[in-house]
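Quick notes on the structure that follows.
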Amino acid sequence: MVISTDVFEIEPKEFPISSYAYLRYFYYSSLICIGMQDFRLAIDHLNMVILTPASALSTVVVHAIKKAKIVHLIEFGTSYEIPR
């Protein structure tokens with residue numbers, strides 16, 4: 001399964017990818033994990049979106065924060081705090 005493979009580095013010359021595409025990859029993979037009820041992996045992928053450095057918030061990050069709050073509440077029963 002592609003989403004179970006960890007992505008550590010992307011060679012920009014071989015695979016030109018934008019930061020927005022990177023965010024969307026992890027956001028959509030978290031949605032797949034939620035659908036499979038693998039909430040811990042979904043939170044990990046949402047954290048990848050949330051913790052990616054950026055000069056401004058994007059809509060993907062805002063939606064990831066919302067999803068992370070809901071998924072964290074379902075999985076752990078506690079409120080979600082953004083990791084630092």
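Taking each residue of region 1-26 that is at pLDDT below 70 and looking for partners that are surrounded by 12 or more Cβ atoms within 10 Å (Cβ to Cβ) and not aliphatic (A, V, I, L, M) with beta-carbon atoms closer than 6 Å, six or more apart or interchain, yields ILE3/SER29.
I'd like the residue in region 22-53 that is surrounded by 12 or more Cβ atoms within 10 Å (Cβ to Cβ) and among the small types (Gly, Ala, Ser) and, out of all such residues, is nearest to THR78 (Cα to Cα). Here the residue is ALA42. Filtered by the rule that a residue be in a helix (DSSP H, G or I), of a type in the set (S, T, N, Q) and either in contact with a strand residue (DSSP E or B) (Cβ under 8 Å, 6 or more places away or on another chain) or within 21 Å of GLU9 (Cβ to Cβ) (or both), region 28-84 gives SER29, SER30, ASN47.
The values are calculated or read from the model by the stated rules, or taken from the named source; none is laboratory data. Predicted, not measured: the structure shown is a model, and the values here were computed from it. When we count neighbours, we look across all protein chains shown, and the Cβ atoms used for this are built from the backbone with ideal geometry, even at glycine.
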